[in-house]
Each structure stands twice: as structure tokens, then as C-alpha cells.
């Protein structure tokens, strides 16, 4: 072990946010050891801006709970941790861990339970990478380096602590972390890792919970170097373990979406990780829609069922939360609405809650060479920057173009029908053998002169003869039926009260 001065490592308390100093100070005042450890220290030494900071201490989770009270929540069954809230920020506080006295592992060697407390010397050996095993005490201004991690940082080398095969078997997610750190930090992977990093080794990821794999995939999407890590997932065989029906190749659409995601993160814009899942699963979704439409299912129902199928299939690898699934399906559904909007609904559609995500998705498709967008991505892009009058003109022009396209399509269909229709010679009119008596309409009937039953019966009898094929005749209703003998009663409307009554 070597003790380094913080200033020589480029570290100072001025770089640290108040919430992590609050946690370290509270544990120190309570009589415990406390250090900042992990990616926060590493990123500060590399001149990067850490997303968060983790703390480590010799206090057990229950003792940490006693220090912070209601601000602390103990989580985890496999790895018990304390989550401490300082204002709106969350700090993960871990206890020094020792090697397990009795290994609780799965058949493949993955550690199932690890809650054995130890010393700081034992704790460093349990960490995965050397660059994540430096302990920084801000008030003492020292950095404890147990494994010459400072050399690995200078050489930009990613090295596992201990035997790589054993470390991957203990926790297969370390394979994902290896590629994530290599892409994010632009580090070289140590040869000892490359020797055992095979497709057979990636099969161990099948033993990891799909919920945890989803969390790890979100870290890949949001680290700002997605475009660099995607080819590595394919190269090392991890792609097949994360995505069920997505071919292990990068389409132009996925490439452009990855670059766009990285650019948004670099300029400080927010992103929704579910958006990239919508991009990845787009092709399987289209294939499933085509499958249902070939079976005769209407397009709306085909899209709905295809979305359910694709997401259910993906859940066998990474379980996407329900709210994220809803977001993905809404983005897919917006594609058909944005491609062929009704003119009277354009303004309302531009204010839809999922319009922005759906529009970004459509524009990325168009820019990646998807001709099925019919230029609507650029149309919506221009529409959003127009004034009120310009929007009215754009909608009118769109409506005319839409009507013109429909007429052209109708003319094409008629031409095809005329070509395929059989040609009939002109047939001369033939005199019918039996002349049918034309049936007079109701207006041409003569008004009744009396209410004589005999005349009424004759009248009904003539009607019955002329309507032999009506439902009444088919039901056996003749002129003696009571329904035909009813008299219409003339009502006196002067006694009728109109409007509300008591």
C-alpha cells in the first residue's frame, strides 16, 4: 500500500460537492472511518466530471442507520448497503467487506450472498478494477492506493484485481462493466482479461437477473459513449445476451441514434434511455406488424399486438419497466400518425405529449435513409418553426397534395380494374316475356274515400298480392290478420301538453 498526497493526484475538497462532505463528516464525528471510493475518485483524477460519489466505512449498515436516522435506508439482500439522503442527493454508503467465510454461490460460481464485514485492506481486494480501488479521505488530504492503481491510470489500462476468470464467475456483470469503462475512459483492456473474454464466458450473463441487466444497459445508453461501446458489445458476444431478436449488426438507423444520444449528453440535454430501446427494437417490431397484417389483421390492431410481442420477447433478457414499455409503444404508434396526419388534427398532434419523441424518432429514420417516411420528418421539422399564418398555409398545401395523391392512386386503381375487366359485347334489349305491373309509390296512391271494411280488405288484399315476397307474406300474415284490421286513431293535439311537466 502507498499513501499519496491528494494534491499530487489532482484532488482537493473544492472539487467535492457539499452532500458527500456532509456524509463523510457525519460518519467521522460518530467515530467511524469514512472514505470516498470508486468512480468519483477515478474521474476526478482523470479530469472528468463525476456523476455521483460513493462512500465506504467500517460502520455496519445498522450503525450507519443510527448516525443518519430517517435520512438513511438499508437496501439489498445480496449486497447490503445504506442509502443516505443529503438534501436531494443520494449517497451510497458501503461497509468494508471481507472474503466470505462460507461461499454462497450458484452452480456457475456467482456469489449469491456477500455480507461479511472486514477491514479496509480486505475490502480493496473485493473490488473489481484497480482504478476503482483508491480511497480518498478529503479532510486528511490522503489517497490510499493498495494495488498501484495510480500506474494503471497513467498507462490507461483496465486491470482486474485477482484472477479474471474467478472474478467474472463471481459476478458476470463485470464483463459489461469492463466494456463500459473501456469505452467511457478510452482505456486499453488488460491482456489477461482478453484471454478469457470469450462468447462461452458471456453465457454466464444468463444467470443474472433481467432486472439487473436492464439497469446495466441503461448505464451503457447514458454514459455518453454509446457509439463507441456498441461495436464492442458485438465483438465480445455480449449483444446476443442483452437483446433477444435484434440482429448483431449496426444499421444506419441505430448508428445515427447512438451518435445523436451521445451529442445530447455532451451538450447537457436530458435523454430517455427507453428511446434507444425503441430504436433497437424497431426492426423486430416492423417484422411482427407485417406478420399480423399478412394474416388479415387491421393495421391498428397489428401494431398493438406486435408491440406487445416484441417487448414480451425482450423481457427474457432485460425486463423493461412498465412505464418505459408504454413510452416505447407510444413512440412507435406516433410514427403512423405523423406519416399521414389528418389536416384538421395537425395542430393538436403537434401538442401531443409524445410528439417530440415521435418526431425525433421519425427524423432519425429519415436522415438514416428510410424512404418510407416520405419526407414527413423534414415537413414536421419546418412546421415547428413557422408562425401561425405560415402554419395555415403549410396545412392547406399539405391538404391539396394529400388530395392529389389520393386522386392519383384512385385513377391508378381504376385503370388497373379496367384493364383486368372482361370486355363484353353490346347486348340488345330483350322484350320481357311477362310484363310486370309497376308498383306505385306512396305519393301516387289515391286517398281513401271511406272506412268501409270491404274496401279496406280489398285494398289490403291487393297490397298483399303485390308484396308476396315481403317478410309479412313470408311469415304467413294474410288479409284477415288482426294487425291489418287496426284502425288509425286520429289524436287531438289540442289536449297534448308540450314541454316539461310536473
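The values are calculated or read from the model by the stated rules, or taken from the named source; none is laboratory data. Since the model is a prediction, treat every value here as computed from it, not as a measurement. Quick reminder, even Gly has a Cβ in these numbers, built from the backbone with ideal geometry, and neighbours come from all protein chains shown.
Checking the structure you have, find out if any residue of the stretch 101-112 is in a strand (DSSP E or B), modelled with pLDDT of 75 or more, in contact with a helix residue (DSSP H, G or I) (Cβ under 9 Å, 6 or more places away or on another chain) and in the same structural domain as residue 20 (by TED's automatic domain parsing). Spell out the reasoning first.
Initial filter on the stretch 101-112 (in a strand (DSSP E or B)): 105, 111.
If we keep only those that are modelled with pLDDT of 75 or more as well, we get none.
Among the residues of the stretch 101-112, not one is in a strand (DSSP E or B), modelled with pLDDT of 75 or more, in contact with a helix residue (DSSP H, G or I) (Cβ under 9 Å, 6 or more places away or on another chain) and in the same structural domain as residue 20 (by TED's automatic domain parsing), which makes the answer no.
Give, as residue ranges, the helices (runs of 4 or more DSSP H) completely inside the stretch 139-212 that count at least 1 residues that are within 30 Å of residue 3 (Cβ to Cβ), under 25 Å from the mean Cα position of the chain (by Cα) and without any contact (Cβ under 8 Å) to a residue 60 or more places away in the chain.
Working: elements: 149-155, 164-170, 173-185, 191-196, 199-202.
Those helices (runs of 4 or more DSSP H) span 173-185.
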Can you tell which of 43, 22 is assigned by TED's automatic domain parsing to the domain that holds residue 90, within 33 Å of the chain's Cα centre (by Cα) and either assigned to a helix (DSSP H, G or I) or modelled with pLDDT under 95 (or both)? 43
Residue selected from the stretch 177-224 under the condition touching a helix residue (DSSP H, G or I) at 6+ places or on another chain (Cβ under 6 Å) and more than 27 Å from residue 316 (Cβ to Cβ), by the criterion surrounded by the fewest Cβ atoms within 10 Å (Cβ to Cβ): 192
Does residue 350 satisfy the criteria of being surrounded by fewer than 17 Cβ atoms within 10 Å (Cβ to Cβ), free of Cβ contacts under 8 Å to residues at least 40 places away in the same chain, out of contact with any strand residue (DSSP E or B) (no Cβ under 9 Å at 6 or more places or on another chain) and within 29 Å of residue 217 (Cα to Cα)? no
Residues that are closer than 30 Å to residue 43 by Cβ: list the helices (runs of 4 or more DSSP H) wholly contained in the stretch 220-303 that include at least 2 such residues. 226-235, 239-242, 252-266, 273-280
Conditions (1) assigned to a helix (DSSP H, G or I); (2) in contact with a helix residue (DSSP H, G or I) (Cβ under 9 Å, 6 or more places away or on another chain); (3) free of Cβ contacts under 8 Å to residues at least 12 places away in the same chain: number failed by residue 27: (3)
For residue 237, which of the numbered conditions (1) in contact (Cβ under 8 Å) with a residue 40 or more places away in the chain; (2) buried (at least 17 other Cβ atoms within 10 Å of the Cβ) fails to hold? (1)
Which condition number in (1) exposed (fewer than 14 other Cβ atoms within 10 Å of the Cβ); (2) without any contact (Cβ under 8 Å) to a residue 12 or more places away in the chain; (3) farther than 29 Å from residue 50 by Cβ is the one that residue 249 fails? (2)
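Given the options 59, 82, name the one that is in the same structural domain as residue 140 (by TED's automatic domain parsing), part of a loop (DSSP other than H, G, I, E, B), surrounded by 14 or more Cβ atoms within 10 Å (Cβ to Cβ) and at pLDDT 90 or above. Spell out how you get there, then give the answer.
Numbers: 82 fails: part of a loop (DSSP other than H, G, I, E, B).
It is 59.
Looking for whichever is loosely packed, with under 14 Cβ neighbours inside 10 Å, under 19 Å from residue 219 (Cβ atoms) and modelled with pLDDT under 95 here; the options are 268, 296. Which one fits? Let's see the steps before the verdict.
Values: 296 fails: under 19 Å from residue 219 (Cβ atoms).
Matching residue, one of 268, 296: 268.
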